[in-house]
1. Need one number: % antiparallel among DSSP beta bridges in the chain, to the nearest 5.
2. Could you check how many percent of all C-alpha pairs in the chain are farther apart than 25 Å?
3. Measuring from label point to label point, each 7 Å out along Cα→Cβ, what is the A269 to A23 span in nm?
4. Could you work out how much longer the chain between Q130 and S54 gets when fully extended? Use 0.36 nm per residue separation minus the Cα distance between them, nm to one decimal.
5. Going highest first, how would you order 231-238, 11-18, 155-162 by mean Cβ packing within 10 Å?
6. Could you give the length gained by full extension between Y15 and N230, i.e. 0.36 nm per residue of separation minus their alpha carbon distance, to one decimal place?
7. Provide, for the chain, the number of lysine pairs with alpha carbons under 22 Å apart, each pair being eight or more places apart or on different chains.
8. Taking only C-alpha pairs under 8 Å that are 6+ residues apart, what is the relative contact order of region 41-287 in percent?
Amino acid sequence: MYRAKKLGRNNTQFYEPAMNEEARERLRIEGALRSALERQEFVLHYQPQVDLRSGRVVGMEALLRWQHPELGMVAPHRFIGLAEETGLIVEIGAWVLRTACAQARGWIDDGHGQLRIAVNLSPRQFGEPQLLSAIAEVLRDTGLPPSCLDIELTEGLFMHDVAQAVELLHKLKALGLALSIDDFGTGYSSFSYLRHFPIDVLKIDRSFVSDIGEDGEAAIVVSIIALAHNLKLRVIAEGVETAGQLDYLRRHGCDEIQGYYFSPPLPAADFEQLLRQGRDLRTSLAQA
Ligand code: C2E
Ligand code: MG
Ligand code: MG
């Protein structure tokens, strides 16, 4: 049944022994996931977002990591889907938001400037009636300026009830935070929502950024940058891995980058060190 549902419902799937293995793995992870929060097995890593004009770190994306005593470091793609299906993502997401905002406030207090923290929001969280008050409460409790919080959404969120989504997004914006569309171009890209939704940032998915080759054109990247700027949105390229990609993005007017070229996601202590050293694009170019 789960397999049929996973493959888009309304179809028939036959049992195979390998599914038992899959189901067992699922159960194991699900069980472990239930106690992970309590056992404090989650940590956040932070990936710098760098402004291409100044070369400076202007913000960071909080990325969830699960350190399980036996399974080791479990990557998000192995458990976020399951957390979403079971509803556990609501509680986990609340922890992520609070931890990330508190951390950002700490770094701002330490004099590292008005850093922006980006937090991923899952579809299930988006559907929670408490979402708005929960975010407002975290902002109040942590004292993070709302303009320093950036909520990342995916296009899939808007598919079901557009009118309701527009209303909720406006309420979120009224709190003073910024809204980004993550993995832009990979989902259900409808241009009409871009017109109606109060969005601030498009994040170009890394699959398009990786199209930027040695001397080739990356038509989709260039088009997304133009689209964003025509709509008065900022644009961030994800998954920037090479100097060539960076140069191309800069020449085409991209605003910010995020990717292994500058830095992978880092544990808080390492991110803090990067801030203290004042690392920017120029210093990392000098190192390369
Ligand atoms: P995302 O939000 O699109 O995050 C970007 C992913 O790209 C991260 O994977 C990051 O480590 C990876 N990445 C960054 N730079 C590069 C690069 O230069 N090259 C390559 N190949 N990859 C790069 P990660 O951390 O494994 O996260 C995967 C996804 O899991 C995220 O995609 C996001 O959708 C989800 N996720 C992570 N943390 C959270 C969370 O706290 N809540 C929710 N709802 N989802 C989360
Ligand atoms: Mg993201
Ligand atoms: Mg992304």
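1. DSSP beta bridges in the chain are roughly 40 percent antiparallel.
2. That fraction is 52 percent.
3. Between A269 and A23, the simple spin-label model gives 4.4 nm.
4. 23.5 nm
5. 231-238, 155-162, 11-18
6. Taking Y15 through N230 to full extension adds about 72.3 nm, to one decimal.
7. Qualifying lysine pairs in the chain: 5.
8. The value is 21 percent.
Values in this text are rule-based calculations from the coordinates and carry no lab data. Every value quoted in this text rests on a predicted model; they were computed, and no experiment measured them. Quick reminder, even Gly has a Cβ in these numbers, built from the backbone with ideal geometry, and neighbours come from all protein chains shown.
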